[in-house]
There are 2 protein chains.
Amino acid sequence: MKAIAYLGPEGSFSQQAALKQLEALPGDPGCLQPYPTIAAILTAVDRGEASLGIVPAENSIEGSVNITLDLLANELNLYIQKEIILAITHHLLSYTPSLVQIHTVLSHPQALAQCRHFLQEKLPQAELMETSSTSEAVRRLDPAVPGIAAVASWHSHLCYQVPVVAENIGDFSPNQTRFLAVAKEPDLRQNTTKTSLIISMEKDRPGSLYEALAAFAKENINLTRIESRPAKKELGNYIFFIDCQAGYDHPGLQRALTALAPRTSIKNLGSYGELT
Amino acid sequence: MKAIAYLGPEGSFSQQAALKQLEALPGDPGCLQPYPTIAAILTAVDRGEASLGIVPAENSIEGSVNITLDLLANELNLYIQKEIILAITHHLLSYTPSLVQIHTVLSHPQALAQCRHFLQEKLPQAELMETSSTSEAVRRLDPAVPGIAAVASWHSHLCYQVPVVAENIGDFSPNQTRFLAVAKEPDLRQNTTKTSLIISMEKDRPGSLYEALAAFAKENINLTRIESRPAKKELGNYIFFIDCQAGYDHPGLQRALTALAPRTSIKNLGSYGELT
């Protein structure tokens with residue numbers, strides 16, 4: 001049985017992304033299996049308990065999902081199979097219809113951050129409490145305990161039948177999240193158009209990012225994303241997540257990687273296509 | 001009266017950074033004034049209610065403080081006067097000595113993230129609840145309400161006299177946070193060694209970051225930091241925070257900025273020195 005692991009419980013944006021992935025798979029696609037955290041999803045894939053893991057990587061407003069990037073960079077060796085772009089709309093769900101009576105708002109920290117303006121203006125009195133996913137926030141709401149709301153999707157509203165008390169409360173639009181489908185081995189059968197790499201920039205070699213960008217520019221390879229993360233050593237040491245528009249069989253990509261190999265530490269997260 | 005705004009209440013890491021800044025100021029340095037949020041600090045400086053604001057910008061483990069970067073990039077025109085590097089050590093403070101009886105942990109989201117391993121291993125049962133600062137988390141603890149703990153500094157422990165139940169619970173070391181002292185006008189009198197810039201990379205011009213890095217490389221200016229943030233439009237549009245080792249009177253910096261001006265949108269956050 002091939003399980004596709006997603007961030008549960010049911011009703012999450014991650015489940016929506018997993019459903020898109022499931023529809024696109026040929027043959028027996030396996031079943032969807034919820035996991036409580038991003039770390040649990042990626043560990044399940046690493047141990048072979050799930051054949052694919054669906055994890056959020058980046059949001060158009062709030063930026064990277066740090067835990068996903070950090071786990072892919074440092075702790076596990078997994079490969080991206082597909083990117084899945086999902087449009088995100090947040091709503092406020094609660095059994096308490098009056099905003100002034102809401103004292104606590106639950107949600108995933110990224111969802112709370114994406115609704116910062118609404119929460120500050122309309123619910124300045126409310127405590128913000130983190131949950132492991134937006135749907136977990138909704139799952140915890142109880143008609144017998146008033147004054148608590150959740151920031152979550154319409155899909156969650158349908159799943160758990162909690163009333164929507166404010167619609168479309170996000171700060172900006174369009175709001176999109178990019179999910180990655182990752183597996184233990186690279187899949188070289190498919191048609192790939194992008195490749196994700198991690199390069200290290202040491203404090204004493206500040207020119208290494210420039211050298212890397214030059215190698216791609218020389219091969220006319222466009223970079224669609226450059227994201228820095230601390231190397232977790234000291235201030236000034238960074239790693240960079242670089243996405244480039246070149247599949248694994250792009251000859252320029254191979255030349256760029258060969259040119260960089262002696263001077264720069266590179267981790268290849270795999271080549272993949274987009275699912276829209 | 002010149003107020004220095006910091007993230008309160010008393011006992012925060014931000015107050016420690018503000019005290020360092022205060023010691024270094026000649027003449028009448030004014031007083032320290034706590035503010036409830038980073039947005040409130042920066043707005044107070046923008047309105048002239050405070051002459052300086054001390055805000056966290058970057059941590060060696062958890063990375064950038066997004067709200068600080070987003071406000072400096074998009075909503076306000078403020079200038080960096082100084083960077084202040086602070087060593088960070090987190091402790092668990094609570095009136096409940098037994099870890100298994102702790103059901104809720106309060107702290108600033110960055111502090112919670114920096115202690116993720118400890119919290120997952122030792123307090124898997126605990127809810128994590130965000131507060132606006134680490135010292136605000138400690139301030140809320142009440143001997144009459146058991147089962148609640150805060151992640152905060154030794155300075156907070158001394159300020160509020162809440163017992164330390166676990167010492168040094170951070171995931172990694174060294175843990176350092178970089179604070180910025182910002183003001184409404186640039187201060188060109190002082191000796192400056194670094195300059196912070198924001199450049200935009202449009203989705204349809206993926207080479208613009210490379211062009212910018214090339215302009216600095218041509219002038220032999222080292223970059224100490226490159227941090228991407230979403231431009232808050234759509235996936236694929238980014239802005240980059242670039243710190244370079246060149247004061248405002250560095251001739252190469254002026255040449256690089258002049259060369260880039262026609263092609264790249266640049267916001268100059270000012271030149272400054274480091275306070276260690």
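For A:GLN190, all conditions in the list (1) modelled with pLDDT under 85; (2) assigned to a loop (DSSP other than H, G, I, E, B); (3) within 14 Å of another protein chain (Cβ to nearest Cβ); (4) open to solvent by less than 60 Å² (accessible area, probe 1.4 Å) hold save one; what is the number of the exception?
Answer for A:GLN190: the failing condition is (3).
Can you report the number of residues in segment B:241-255 which are without any contact (Cβ under 8 Å) to a residue 60 or more places away in the chain, crowded, with 18+ Cβ neighbours inside 10 Å and outside any loop (DSSP other than H, G, I, E, B)?
Our first condition is that a residue be without any contact (Cβ under 8 Å) to a residue 60 or more places away in the chain; within segment B:241-255, this holds for B:242-247, B:249-255.
Filter again for crowded, with 18+ Cβ neighbours inside 10 Å, leaving B:242-244, B:246, B:250, B:253.
After this cut, where a residue has to be outside any loop (DSSP other than H, G, I, E, B) as well, the list is B:242-244, B:253.
Residues flagged as without any contact (Cβ under 8 Å) to a residue 60 or more places away in the chain, crowded, with 18+ Cβ neighbours inside 10 Å and outside any loop (DSSP other than H, G, I, E, B) within segment B:241-255 amount to 4.
Scan segment B:128-180 residue by residue and report those that are away from chain A (no Cβ under 11 Å) and in a strand (DSSP E or B).
B:ILE148, B:ALA149, B:ALA150, B:VAL151, B:ALA152, B:VAL164, B:VAL165, B:ALA166, B:PHE179, B:LEU180
Kindly indicate which of B:ALA246, B:ALA217, B:ALA261 is modelled with pLDDT under 90, in contact with a strand residue (DSSP E or B) (Cβ under 9 Å, 6 or more places away or on another chain), of a type in the set (Gly, Ala, Ser) and farther than 17 Å from B:GLU58 by Cβ.
Values: B:ALA246 fails: modelled with pLDDT under 90; B:ALA261 fails: in contact with a strand residue (DSSP E or B) (Cβ under 9 Å, 6 or more places away or on another chain).
Unique residue meeting the criteria: B:ALA217.
Look through A:THR89, A:THR37 and report the one residue that is surrounded by fewer than 20 Cβ atoms within 10 Å (Cβ to Cβ) and over 15 Å from the mean Cα position of the chain (by Cα).
Numbers: A:THR37 fails: over 15 Å from the mean Cα position of the chain (by Cα).
Going through A:THR89, A:THR37 in turn, the sole match is A:THR89.
Report whether or not A:GLY236 is under 21 Å from A:ILE80 (Cα atoms), surrounded by 16 or more Cβ atoms within 10 Å (Cβ to Cβ), touching a Ser or Thr at 6+ places or on another chain (Cβ under 7 Å) and not aromatic (Phe, Trp, Tyr). Spell out the reasoning first.
Details: under 21 Å from A:ILE80 (Cα atoms): no; surrounded by 16 or more Cβ atoms within 10 Å (Cβ to Cβ): yes; touching a Ser or Thr at 6+ places or on another chain (Cβ under 7 Å): yes; not aromatic (Phe, Trp, Tyr): yes.
Considered against the rule, which asks whether it is under 21 Å from A:ILE80 (Cα atoms), surrounded by 16 or more Cβ atoms within 10 Å (Cβ to Cβ), touching a Ser or Thr at 6+ places or on another chain (Cβ under 7 Å) and not aromatic (Phe, Trp, Tyr), A:GLY236 comes out as no.
Where residues in segment A:138-187 are over 22 Å from the mean Cα position of the chain (by Cα) and farther than 20 Å from A:PRO9 by Cα, which of them is most open to solvent (accessible area, probe 1.4 Å)?
Going through the qualifying residues, I end up with A:GLU167.
In the list B:LEU209, B:LEU213, which residue meets the criterion of being open to solvent by less than 10 Å² (accessible area, probe 1.4 Å), touching a residue at least 24 places away in the same chain (Cβ under 8 Å), within 17 Å of A:GLY207 (Cα to Cα) and facing chain A (nearest Cβ under 7 Å)? Give the derivation first.
Working: B:LEU213 fails: touching a residue at least 24 places away in the same chain (Cβ under 8 Å).
None of the others qualify; the one that does is B:LEU209.
Identify, from the list B:THR89, B:THR104, the residue that is more than 14 Å from every other protein chain (Cβ to nearest Cβ) and over 25 Å from B:TYR238 (Cα atoms). Let's see the steps before the verdict.
Working: B:THR104 fails: more than 14 Å from every other protein chain (Cβ to nearest Cβ).
The match here is B:THR89.
Can you name the residue in segment B:54-86 that is at the interface with chain A (Cβ under 8 Å from one of its Cβ atoms) and of a type in the set (S, T, N, Q) and, of all such residues, is surrounded by the most Cβ atoms within 10 Å (Cβ to Cβ)?
So, considering only residues that are at the interface with chain A (Cβ under 8 Å from one of its Cβ atoms) and of a type in the set (S, T, N, Q), the one surrounded by the most Cβ atoms within 10 Å (Cβ to Cβ) is B:SER60.
Would you mind telling me which numbered condition in (1) closer than 30 Å to A:GLU75 by Cβ; (2) more than 11 Å from every other protein chain (Cβ to nearest Cβ); (3) without any contact (Cβ under 8 Å) to a residue 24 or more places away in the chain B:GLN120 fails?
(2)
Here are some residues: A:THR195, A:THR258, A:THR224. Which one is more than 30 Å from A:THR89 (Cβ to Cβ) and open to solvent by 20 Å² or more (accessible area, probe 1.4 Å)?
Values: A:THR195 fails: open to solvent by 20 Å² or more (accessible area, probe 1.4 Å); A:THR224 fails: more than 30 Å from A:THR89 (Cβ to Cβ).
Result of the check over A:THR195, A:THR258, A:THR224: A:THR258.
The values are calculated or read from the model by the stated rules, or taken from the named source; none is laboratory data. This one's a predicted model, so the numbers in the text were calculated from it and none came from an experiment. Every residue, glycine among them, receives a Cβ derived from its backbone with ideal geometry; neighbour counts consider all protein chains shown. Heavy atoms of the whole protein, side chains included, go into the accessibility calculation; ligands, DNA and RNA do not. Shrake-Rupley method; radii C 1.70, N 1.55, O 1.52, S 1.80 Å.
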